[in-house]
There are 2 protein chains.
Amino acid sequence: MKRILKAVLPVGFKANGISCGLKKSGKPDLALIYSKLPAVACAKFTTNSIIAAPLVVSKMHLKSAKRFQAVLINSGNANCFTGKEGIKDAKASAGYVAEKLKIAKNSVLVNSTGIIGKRLDIAKIKKGIPALVSGLSVAGAHKAELAIMTTDTFVKEISLSLNLGAKPVHICAIAKGAGMIAPDMATMLCFIMTDAVISKKVLDKALTAAVDASFNCISVDGCMSTNDTVLVLANGAAGNKSISGGTELQGFSKALGTVCLELAKMVVLDAEGATKFIQIDVAQAKNFLQAKKAALSIANSALFKTAVYGRNPNFGRIAAAVGASGIEIKEEQLKIKLGSLKGKFVHLQVSLSSGKAKCRVFTSDLSPEYIKINAAYN
Amino acid sequence: MKRILKAVLPVGFKANGISCGLKKSGKPDLALIYSKLPAVACAKFTTNSIIAAPLVVSKMHLKSAKRFQAVLINSGNANCFTGKEGIKDAKASAGYVAEKLKIAKNSVLVNSTGIIGKRLDIAKIKKGIPALVSGLSVAGAHKAELAIMTTDTFVKEISLSLNLGAKPVHICAIAKGAGMIAPDMATMLCFIMTDAVISKKVLDKALTAAVDASFNCISVDGCMSTNDTVLVLANGAAGNKSISGGTELQGFSKALGTVCLELAKMVVLDAEGATKFIQIDVAQAKNFLQAKKAALSIANSALFKTAVYGRNPNFGRIAAAVGASGIEIKEEQLKIKLGSLKGKFVHLQVSLSSGKAKCRVFTSDLSPEYIKINAAYN
């Protein structure tokens, strides 16, 4: 398994990113991913009850079609809390792409990130699509990445290859998210492309496991976005024997897990205003859920996060956060080991003395800069 | 019903507060409330699994005794996460008070607030108790209030009288808490004294209702303290007919509700680093729990709170917080009305278009000052 922190598209994929004018800054804001071969697709979306219009439309398409060829993503506007007009706009944008690429409308998936509650300027998107499509290239993934970023301070790309049987299989992913799993600006989006031959059912299982151990184990401020999406497209161009089990599935799942985990860690590393990258390991739990509850309660504690920012080894706040998590725990069962707070990387180990399960969560500290960024953003 | 924002003890109560040396600053840190007449007592404690030693001891006493005469409270150390020694220290401190006042040990309740995880300096408390007891006076409630404060910037006192039948009944309460319902420094403590004649059962019901609509409806940072306590002592000195129902119970409950609500609002007003006092009214909910979930999810959203700090009327963050609360809600049902963000007082009204229930919650904004205070505290 070889990996590089660049976006190198698997066989059969093209991508592009342009500026269509949604961002006042003039930075790239419209991205397209295209697969010549119709691909199976699986996605994990936010569990927020208020979900953005493009997610509603993508969910419809994921139900009505079996294969997919394009993903259109805009930044600068989340197209969320925009009512029926928002749905209409999301559908229209998929329509423009389908028309230009001469593919079925429901084979186009759509996504957005940016401010909530403002209507999308669909005319700008329509106007941008011809250039977006004509500029599609096998080297275009980095351009697509640039066009999905918002407050991100660095690009989040990874590519990886492995052999399944004698066939080389490639996975490439781009992501955005400045730390928070949060509404309206720091939405987390991740698009994964692979040329592996794999059924939707098997792919979905592998994706669920990969996301549970990565994007579902990071938290910056406990806020949940209305637009969060992890989407994978598998177009089968590698020609491997369809992955269904055994060492092939193990290898592919491990690779997919690595892709998700590395990107999730980059999201936390890029957390808004953060000065620390915190790894929380909760061990000796009764089960995974108990470990995760305890770990996320610490990760979401404003007091713990400010203590780490202040290099203040405050064990009491960790104990209180575990106690507040809703798990059953007695004081004498709780063991806490906090590493040095001096460097960028902080390691916290917590034992619950209740069993053998464990969970690892990544988070950041909470700094005055976070407030500065989020007080001003609009 | 007359009320003043000063602590005037009901008939039969005395109080005092002194400095025994727990606080490095030399400020008052040891308080005592005493009732000559044995009083019935009810308490609401934190639901954190990790609870402080004095709460463990007070819970034992509340089970083993029927009447209570004293409450000892120290600030400067929470006596939490201190193991068996912590329990021993809490018991010992109750013992010293009992001995000096010549009352039963289990008629003494104890409480602490301050840093978590450090052993209490019980020798200092022991040494302070003779002066604490000899200084007890009917005018001593303000001194007790001063001795329970930690990062509070103003005192939180209220006194109120009402007539039940022909008898005047008094309620007086002192509280501490600098905004957060939070571990290790901003614990919320409230001690309520009344001379009303009332059974434990009826008092407990009235207290539950009062706390549910006040202290359980405030949030500053979503952190839950290991020491939070609301305690009421009723010594019966007023000689009214025992409150059991009808207009008497209504009147008393209303008064108790007012006492708790006013103090809860003071806690939010004194929130660490806060520049805003935010009232969130969620209406047209299916039931109270739904309204409360939505309201607290907004109140605990770091993004909403930073937006208010930045005077940024960001509706998207409010919608996202409601959607993330776990309640079932459709976008078209959600109506948001946010008042001016210019002044100290901010009013947010949210309608869920789902029923007739409602909930009011108070919170503060999140400022860089909050982080400064909590990064440095130890």
For B:Thr208, inter-copy label distances in nm, listed shortest first [label point 7 Å out on the Cα-Cβ vector] | 4.0
Positive-end extreme of charge dipole, the range A:277-376 - chosen from A:Ser364, A:Gly343, A:Asn300 (charges on Cβ) | A:Gly343
Qualifying trypsin sites (Lys or Arg not before Pro) in the range A:233-336, DSSP loop, other Cβ atoms within 10 Å at most 16 | A:Lys241, A:Lys286, A:Arg311, A:Lys330
Relative to the longest principal axis of the C-alpha atoms of chain B, give the angle of the C-alpha long axis of helix B:53-64, reported between 0 and 90° and rounded to the nearest 10°.
-> 70
Of all DSSP beta bridges in the range B:1-141, what percent run antiparallel (nearest 5)?
-> 70
Return the aspartates and glutamates within reach of A:Lys63: Cα separation strictly under 16 angstrom, same-chain partners fewer than 8 residues apart disregarded; answer none if there are no such residues.
-> A:Asp204
Dipole of the protein assembly as shown [Lys/Arg +1, Asp/Glu -1 at C-beta], most positive-end residue of B:Gly128, B:Gly17, A:Ile171 = A:Ile171
Residue-averaged beta-carbon neighbours from other chains (10 angstrom radius) around B:68-76 = 0
Listed with the fewest Cβ neighbours within 10 Å leading, A:Phe252, B:Phe68 appear as A:Phe252, B:Phe68
Straight-distance crosslink candidates among aspartates and glutamates, where the alpha carbon sits under 18 Å from A:Lys36 and sequence neighbours closer than 8 are dropped = A:Glu99, A:Asp195
Place the label 7 angstrom along Cα→C-beta at B:Lys84 and in each other copy, then list the distances from the first to the rest in nm, shortest first.
-> 7.1
Given the Cα-Cα distance of A:Lys342 and A:Ser244 and 0.36 nm per residue of separation, how much length would full extension add, in nm?
-> 30.6 nm
Once the Cα atoms of helix B:83-101 and of chain B are each reduced to a long axis, what angle between those two axes, in degrees from 0 to 90 to the nearest 10, is obtained?
-> 50
With θ set to phi - 60°, apply the Karplus curve 6.51 cos²θ - 1.76 cosθ + 1.60 along the range B:286-296 and write out the HN-Hα couplings as whole Hz, x wherever there is a Gly or Pro.
-> 5, 7, 4, 4, 4, 4, 5, 4, 5, 5, 6
Only Lys, Arg (+1) and Asp, Glu (-1) charged, at Cβ; the range B:277-376 dipole about Cα centre in debye = 220
Pull up the DSSP beta bridges for the range A:2-269 and report the antiparallel fraction as a percent, rounded to 5.
-> 75
Computed over the range B:277-376, the Cα gyration tensor eigenvalues, each multiplied by 5 and square-rooted, give semi-axes in Å (largest first) of 24, 13, 12
With chain A treated as a Gaussian network of Cα nodes joined by springs under 10 Å, which of A:Met149, A:Met188, A:Met60 yields the largest mean-square fluctuation?
-> A:Met60
How large is ³J(HN,Hα) for each residue in the range B:239-253, as worked out from phi by the Karplus curve 6.51 cos²θ - 1.76 cosθ + 1.60 (θ = phi - 60°), to whole Hz, x for Gly and Pro?
-> x, 6, 5, 3, 5, 10, x, x, 5, 4, 5, 4, x, 5, 4
Mind checking the mean number of beta-carbon atoms from other chains within 10 Å of the Cβ atoms in A:325-332?
-> 4
Could you work out the relative contact order of the range A:2-269, using alpha carbon pairs under 8 angstrom and six or more residues apart, expressed as a whole percent?
-> 25
Rounded to the nearest 20 Debye, what is the dipole magnitude of the range A:2-269 about its Cα centre when Lys and Arg each give +1 and Asp and Glu each give -1 at the C-beta?
-> 760
For B:Leu203, A:Leu366, what's the fewest-to-most ordering of other Cβ within 10 Å of each Cβ?
-> B:Leu203, A:Leu366
With a 10 Å Cβ neighbour count serving as the proxy for reagent exposure, in which order, fewest first, do A:Cys42, A:Cys80 appear?
-> A:Cys42, A:Cys80
Working from Cα positions, state the angle (0 to 90°, nearest 10) between the long axis of helix B:122-134 and the longest principal axis of chain B.
-> 70
Can you tell me the Rg and Dmax of the range A:2-269, counting just the alpha carbons, in angstroms?
-> 16.7, 50
The range A:112-120 - phi-based ³J(HN,Hα) in whole Hz, Karplus 6.51/-1.76/1.60, Gly and Pro as x = 9, 8, x, 5, 8, x, 10, 5, 5
Mind scanning A:Lys305/B:Lys358; A:Lys254/B:Lys305; A:Lys88/B:Lys335; B:Lys27/B:Lys66; A:Lys276/B:Lys84 and naming the pairs with a C-alpha gap bigger than 28 Å?
-> A:Lys305/B:Lys358; A:Lys254/B:Lys305; B:Lys27/B:Lys66; A:Lys276/B:Lys84
With a ≥ b ≥ c taken as the square roots of the eigenvalues of the C-alpha gyration tensor of the protein assembly as shown, please select rounded if a/c is under 1.5 and otherwise prolate if a/b is larger than b/c or oblate if it is not?
-> prolate
Once you've got the GNM for chain A with C-alpha springs shorter than 10 Å, pick whichever of A:Ala78, A:Ala321, A:Ala31 has the biggest mean-square fluctuation.
-> A:Ala321
Going down the list B:Lys100/B:Lys126; B:Lys6/B:Lys59; A:Lys2/A:Lys205; A:Lys24/A:Lys126, which pairs span over 19 Å between their C-alpha atoms?
-> B:Lys6/B:Lys59; A:Lys2/A:Lys205
Under 1.5 on a/c is rounded, so check that first for the range A:1-88, then, if it is not, pick prolate when a/b is larger than b/c and oblate when it is not; a ≥ b ≥ c are the square roots of the alpha carbon gyration tensor eigenvalues.
-> oblate
Label A:Glu328 and B:Glu369 with points 7 Å out from Cα along Cα→Cβ: what is the distance between them in nm?
-> 4.4
In nm, to one decimal, how far is the A:Leu37 label point from the B:Leu37 one, both placed 7 Å along Cα→Cβ?
-> 8.8
The range B:231-285, dipole about Cα centre (Lys/Arg Cβ +1, Asp/Glu Cβ -1), debye to the nearest 20 = 160
Where both residues lie in the protein assembly as shown, what percent of DSSP beta bridges are antiparallel, nearest 5?
-> 70
Extension length gain for B:Thr208 and B:Phe154 (0.36 nm per residue less Cα distance), in nm, is 16.8 nm
Average beta-carbon neighbours from other chains, 10 Å sphere, peptide A:80-89 = 2
Virtual paramagnetic centre 7 Å along Cα→Cβ of B:Arg311, amide N under 13 Å, in the range A:100-119 | none
Mean projected area in nm² (Cα convex hull; one quarter of hull surface) for the range A:227-349 = 10.6
Label distances, nm, A:Arg360 versus same residue in remaining copies, Cβ-directed 7 Å point | 5.0
Computed over the range B:36-157, the relative contact order (Cα-Cα under 8 Å, seq sep at least six) in percent reads 28
222 nm mean residue ellipticity, helices alone, for chain A (DSSP H n ≥ 4; -39,500 (n - 2.57); rounded to 500) = -10500 deg cm²/dmol
Grab the residue from chain B whose Cβ hugs the B-to-A rotation axis most tightly, plus its distance in whole angstrom.
-> B:Pro368, 2
Which aspartates and glutamates have a Cα less than 18 Å from the Cα of A:Lys201, not counting those fewer than 8 places away in the same chain?
-> A:Asp212, A:Glu248
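Read-outs throughout are calculated quantities, based only on the coordinates presented, and are distinct from any laboratory measurement. Keep in mind it's a predicted model, so treat the numbers as computed, not measured. A quick note on method: Cβ atoms are made from the backbone with ideal geometry, for glycine too, and the neighbour counts reach across all protein chains shown.
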